[in-house]
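Only one structure is covered here, and it is reproduced in the block below.
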Amino acid sequence: MPDYKLDTKCVQAGYTPANGEPRQIPIVQSTTFKYDTSEEMGKLFDLEASGYFYTRLQNPTNDYVAAKIAALEGGTAAMLTSSGQAANFFALFNICQCGDHIVASSSIYGGTFNLIAVTMVKMGISATFIPPDCTEEELNAAFQENTKAVFGETIANPALTVLDIELFAKVAHAHGVPLIVDNTFPTPVNCRPIEWGADIVTHSTTKYLDGHGACVGGAIVDSGRFDWMAHKDKYPGLCTPDESYHGITYAEKFGKEGAFITKCTAQLMRDFGSIQSPQHAFILNLGLESLHVRMPKHVANGLAVAKFLTERPEVDSVSYPGLPGDRYYARAQKYMPNGGCGVVSFVIKGGRANAEKFMNHLKLAAVETHVADARTCCLNPATSTHRQMTEEQLEAAGIPAGLVRMSCGLEDADDLIADLKQALEQISC
Ligand SMILES: Cc1ncc(COP(=O)(O)O)c(C=O)c1O
């Protein structure tokens, strides 16, 4: 596809039907694929020919959608996974093994934090967490001989901190390791981390890319720029023969552009099987077709709500990187001049009791453990996901009891603000 603009790619990239073929991406609802000879199938197994043999590894519907996400992010190859969790795990585990080490921003989604800080530690992969606002010296100091990857989120969920992608990429590259960025919140419509030096980009497609709260999914995109062979000793999985895959050396056979995703598919998808269903990929693509239209509205609603909340006496503080005066405003302007996302967080005065009262009076915004879809929702961690913690424990974890995370959907901003206003007014009743 020629280098069309982003809006055109959202609608049409990834799938170009030939004469007489379906206009919409076909759902290839088949676990397996038929061949005339064993020899032909053998070539696929040897990665000598490209094609499909079993949907646990690859399926055409998924590949069309992955190709669209690769085009949007400016990468050379991509794959879909069953969830965002699987995407982040695969992206890291594809280049880390027992005895290795990861440097990660401490400001990341709780599920990813747990993956790196607990589950991957059980696999013998250790991690050092550094604040997203660390200096270059502090970041340098986090590296060890065995560090194999740096990880962060463009806009972190739920803290809404903004990653200094250029700095993290520069330091990662100086140590000969790639930067992996989870770009779930801004989406490629608002930020393309590869343009700022990131090597691998991941997504929970469950969020804005789907955008309708319909399907759990994930994606991994490779920039095709990291030179694995130049760091051969660090990445034996990519740079030495894979005996579990007919002795292939991925970095030699598929080059910088294809090695990472091919290995991730051939090894990790084969062994862990976290494939996205082709039905989900089809639904995800419907979301992608309107991503460029939806994101500006999410951003406009987020900004309008954030501005309204700063003026309310019941609200102690508001975090929204697009809000002038926000701690991350300047960085957000640099990386996301058109805005970041529709998620706003704010702290209601009076702790858990007032937050609960507020939540109970919301009429339009739903109480939900989700973000980033068409319908506005709110979550008060102290009375839901973190309800076992005391007020002191919550404070220490940086989650004040009165904190509300609000994901602004695609409704009219006036209606969202009216809903917030009436619920806030209940607090003083
Ligand atoms: C930034 C981010 N990354 C990854 C995930 C995990 O994605 P999933 O729920 O699709 O597994 C989430 C989930 O909320 C997220 O917010």
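Listing for the model above:
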| read-out | value |
| --- | --- |
| Criterion violated by residue 330 - all others in (1) hydrophobic (A, V, I, L, M, F, W, C); (2) under 23 Å from residue 411 (Cα atoms); (3) assigned to a helix (DSSP H, G or I) satisfied | (2) |
| Subset of segment 195-221 [near the ligand (Cβ under 9 Å from one of its atoms) and either part of a loop (DSSP other than H, G, I, E, B) or open to solvent by less than 10 Å² (accessible area, probe 1.4 Å) (or both)] | 202, 203, 205, 206, 207, 216, 217, 218 |
| Flag for residue 149 being among the aliphatic types (A, V, I, L, M) and part of a loop (DSSP other than H, G, I, E, B) | no |
| Single residue of 83, 50 found to be under 17 Å from the mean Cα position of the chain (by Cα) and either over 24 Å from residue 32 (Cβ atoms) or in the same structural domain as residue 114 (by TED's automatic domain parsing) (or both) | 83 |
| Cβ-Cβ under 8 Å pairs, at least 6 apart or on other chains, segment 349-376 side outside any helix (DSSP H, G or I) and away from the ligand (no atom under 16 Å from the Cβ), far side open to solvent by 60 Å² or more (accessible area, probe 1.4 Å) and acidic (Asp, Glu) | 349/316; 364/415 |
| Long-range neighbours under 6 Å by Cβ, at least six apart or interchain, first residue over 14 Å from residue 199 (Cα atoms) within segment 154-176, second open to solvent by 10 Å² or more (accessible area, probe 1.4 Å) and assigned to a helix (DSSP H, G or I) | 162/331 |
| From the options 102, 108, 95, 69, residue that is assigned by TED's automatic domain parsing to the domain that holds residue 200, buried (at least 22 other Cβ atoms within 10 Å of the Cβ), β-branched (Val, Ile, Thr) and modelled with pLDDT under 95 | 108 |
| Residue match in segment 273-281 (condition: closer than 27 Å to residue 373 by Cα, assigned by TED's automatic domain parsing to the domain that holds residue 45, part of a helix (DSSP H, G or I) and among the aliphatic types (A, V, I, L, M)) | yes |
| Number of positions in segment 178-194 that are free of Cβ contacts under 8 Å to residues at least 60 places away in the same chain and away from the ligand (no atom under 12 Å from the Cβ) | 1 |
| Those residues of segment 3-19 which are more than 13 Å from residue 61 (Cα to Cα), free of Cβ contacts under 8 Å to residues at least 40 places away in the same chain and open to solvent by 80 Å² or more (accessible area, probe 1.4 Å), in sequence order | 3, 4, 5, 12, 19 |
| Residue within segment 136-143 that is under 26 Å from residue 196 (Cβ atoms), within 16 Å of the ligand (Cβ to nearest atom) and out of contact with any His (no Cβ under 7 Å at 6 or more places or on another chain) present | no |
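The values are calculated or read from the model by the stated rules, or taken from the named source; none is laboratory data. Everything quoted here is computed from the prediction, not taken from an experiment. Note that we place each Cβ from the backbone using ideal geometry, even for glycine, and neighbour counts take in every protein chain shown. Keep in mind that these areas ignore ligands, DNA and RNA; they rest on the heavy atoms of the full protein, side chains included. Shrake-Rupley method; radii C 1.70, N 1.55, O 1.52, S 1.80 Å.
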